[in-house]
Amino acid sequence: MIKFDNKLELRYYFNDKSNYMDAMIKHRSEKEVLSLVRTLADMLDIKMTVYCESFAQQEGFREIWSVAGENSRLISVLLNLFMQVWTRPSLLVGGQPVVDRSVADEEKMQREIALLRSNLRKKIPGITVTRELVELLSASPRFCKCKSNFYEAVRGYPKVTKFTLRELNENNRSRSGSLEVKREQFDYYILRSDELPPVRQQSNDRNHLTCAERCPLPLERHLQQGRRDNRLLHVRRRFQERYVR
């Protein structure tokens, strides 16, 4: 029998003592969790497979996913990063994004991911996930959409009072602290529109493009002038043919 060194616990707390859950809501929401875990694994070039594990049920609904891969340490870093991204709010109180995403943020995120991926490959001891990377990933439009879909589905199930995540070891003992999101906080993750948050262009890029449009190259100016001259010549000929006898 295979023993899994890395596990992820997802737990739904209910307003009653039941331990059953609507299957459609469960699968609709957890599809988003798996999607984000897989995306992070691909970004960091970590090979892994997630399995469902049976266990004795408690109050609420407790799900344990066993994660298998070629390196337990890398998977632990991945799960830690995932839990922080998943429980960090996407929106402020008024429904506005926590940060105004820019092209520079996207480039910075790619650099941070590349640095973490490189450090993981070098097996540098004591690797920790930076707060900056967590914030950049949390504000990523793709991740915001995954979180929004999950919390919107769970919010539609009235008896869910909160949701928690926790990393476990092979004996189902806690390896990390539990991160929780309460029902009254769900709205901070749910986008107000189906459209993904836009990525803001940098102002200097816009100014550069505007200047280029206002000040075309000499050859382009010459061609534009030639086209205008041809149009004027054509109009003049039509006028002479129609009215000059």
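Miscellaneous remarks
- Across segment 54-64, a minimum of one residue is classified as farther than 30 Å from Glu106 by Cα and touching an Asp or Glu at 6+ places or on another chain (Cβ under 6 Å).
- Members of segment 78-122 that are over 29 Å from Glu180 (Cβ atoms), within 17 Å of the chain's Cα centre (by Cα) and without any contact (Cβ under 8 Å) to a residue 24 or more places away in the chain: Glu107, Gln110, Arg111, Ala114
- Condition met for Ser72 (closer than 19 Å to Asn119 by Cα and either surrounded by fewer than 17 Cβ atoms within 10 Å (Cβ to Cβ) or at pLDDT 95 or above (or both)): yes
- Here Ile25, Ile75 are screened, and the one residue that is touching a residue at least 24 places away in the same chain (Cβ under 8 Å), within 24 Å of the chain's Cα centre (by Cα) and over 18 Å from Asn172 (Cα atoms) is Ile25.
- Output for segment 140-175, where each listed residue is surrounded by fewer than 21 Cβ atoms within 10 Å (Cβ to Cβ), touching a Lys or Arg at 6+ places or on another chain (Cβ under 6 Å) and more than 26 Å from Asp5 (Cβ to Cβ): Thr161, Lys162
- Scanning segment 169-188 for residues that are farther than 17 Å from Thr87 by Cα and part of a loop (DSSP other than H, G, I, E, B) yields Asn169, Glu170, Asn171, Asn172, Arg173, Arg175.
- For segment 30-47, the criterion of a residue being in contact with a strand residue (DSSP E or B) (Cβ under 9 Å, 6 or more places away or on another chain) and of a type in the set (S, T, N, Q) is satisfied by no position.
- Pairs, first farther than 27 Å from Leu92 by Cα in segment 123-144, second surrounded by fewer than 17 Cβ atoms within 10 Å (Cβ to Cβ) and basic (Lys, Arg), C-beta under 9 Å, six or more apart: Lys123/Arg73; Ile127/Arg73
- Pair list, Cβ < 7 Å and 6+ apart or interchain, from segment 1-22 residues that are surrounded by fewer than 17 Cβ atoms within 10 Å (Cβ to Cβ) to residues that are charged (D, E, K, R): Lys3/Glu170; Asn15/Lys159; Asp16/Lys159; Lys17/Glu59; Asn19/Glu59
- Residue within segment 97-118 that is at pLDDT 90 or above and in contact with a Phe, Trp or Tyr (Cβ under 7 Å, 6 or more places away or on another chain) present: no
The values are calculated or read from the model by the stated rules, or taken from the named source; none is laboratory data. All of these numbers come straight from a predicted model, not from anything done at the bench. No Cβ is skipped: glycine too gets one built from the backbone with ideal geometry, and neighbour counts run over all protein chains shown.
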